[in-house]
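Take a look at the structure below.
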Amino acid sequence: MSAAGADIIKHNGKSRRTICDLSSEQITSFQERIYKHYRSEGRVLPWRKTRDPYKILVSELMLQQTQVERALVKYQLFLNNFPSFSALSHAPLKNVLEVWHGLGYNKRAIALKRIAQTVEAQFVGKLPSDYSALVGLPGVGHATACAIRTFAFDIPSVFIETNIRTVFIHAFYADEKGVEDDKLYPLVECTLDRSNPRKWYYALMDYGAMLKKQHKNPSRNSAQYKKQVPFEGSNRQLRGKIISLIIAHSGITEADLIRRLNVDPQLISSNLQKLEAEGFLKRHHTKFFIA
């Protein structure tokens, strides 16, 4: 094979030179395969119909660690309640968590509200397109920043999420175990359709979703793969129950929480301390409220 090109990309804040060892014919063939599937089987999703940076930010935060089907249930409801950075910035956290309820990983709801406050205070109400500014926002890492740059601003960016990872492992490393993302980034970079990065990444993600249904999940061959811990009985479930109870019974005491939840009091106490430190809760004497 001949090298098709080299570029400088950023991964987790580190610049590195990548060399693509695919011929132009191989790249074209790969792109045609992905686009063929997208033309016939591409998913119609509401966040794909907009270029509004706020709406795309909301979708990207919702889709972190959450399946598309679950995000679809909440996406429009969230936008109806908080249609702009300004609306979200000024909304009580209690209201935000009420709408977010059911998506899990409530830290993302706090991150969204804090992003809205930052955008209002520092960027005159407009989400920046600059990579460094985006990764400086709460809850926004490399992949989310690049996705926002791609989908909201049409800036070709190199990133990997679970479905993209699935595609490249299936296509190029199907027989290997423990595949590091560093092996995939050069392939993602050199096959990127820079003339239409939005469409290309949508096509990649849909192809990856198809692969997961038709094959044993290729992402299991990734070094990043971790089997998800069951939600039932987890501390994550307990945190959610605590937040739900405080939303429903503002000013509830720790003793009441222990009585209602019927779990180890030390677990309740330690979670209350963490939730307070993370900005979810505020304590007034013995009573707890959403911050």
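Structure above, values below:
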{"quantity": "Selected residue (only one of 204, 184 is surrounded by 15 or more Cβ atoms within 10 Å (Cβ to Cβ), under 17 Å from the mean Cα position of the chain (by Cα), closer than 30 Å to residue 129 by Cβ and not assigned by TED's automatic domain parsing to the domain that holds residue 68)", "calculated": "204"}
{"quantity": "Filtered residues of the range 154-169 (kept if in contact with a Leu (Cβ under 9 Å, 6 or more places away or on another chain), over 15 Å from residue 224 (Cα atoms) and not hydroxyl-bearing (Ser, Thr, Tyr))", "calculated": "156, 158"}
{"quantity": "Any chance residue 144 is surrounded by 18 or more Cβ atoms within 10 Å (Cβ to Cβ), closer than 27 Å to residue 235 by Cβ, polar (S, T, N, Q) and in contact (Cβ under 8 Å) with a residue 24 or more places away in the chain", "calculated": "yes"}
{"quantity": "Unique match (being within 19 Å of residue 110 (Cβ to Cβ), charged (D, E, K, R) and in a helix (DSSP H, G or I)) among 32, 60, 69", "calculated": "60"}
{"quantity": "Count of residues meeting criterion [crowded, with 16+ Cβ neighbours inside 10 Å and touching a residue at least 40 places away in the same chain (Cβ under 8 Å)] in the range 38-47", "calculated": "3"}
{"quantity": "The range 88-126, residues that are outside any helix (DSSP H, G or I) and more than 17 Å from the chain's Cα centre (by Cα)", "calculated": "91, 92, 123, 124, 125, 126"}
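To keep it simple, each residue is scored yes or no on (1) in a helix (DSSP H, G or I); (2) of a type in the set (A, V, I, L, M, F, W, C).
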| site | (1), (2) |
| --- | --- |
| 241 | yes, no |
| 256 | yes, no |
| 267 | yes, yes |
| 273 | yes, no |
| 282 | no, no |
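Yes/no matrix, rows are residues, columns are (1) touching a residue at least 12 places away in the same chain (Cβ under 8 Å); (2) surrounded by fewer than 15 Cβ atoms within 10 Å (Cβ to Cβ):
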residue: 95; (1), (2): yes, no
residue: 102; (1), (2): yes, yes
residue: 111; (1), (2): yes, no
residue: 130; (1), (2): no, yes
residue: 137; (1), (2): yes, no
residue: 163; (1), (2): yes, no
residue: 173; (1), (2): yes, no
residue: 179; (1), (2): yes, no
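The values are calculated or read from the model by the stated rules, or taken from the named source; none is laboratory data. As the structure is a computational prediction, the values presented were derived from the model and not from experiment. Quick reminder, even Gly has a Cβ in these numbers, built from the backbone with ideal geometry, and neighbours come from all protein chains shown.
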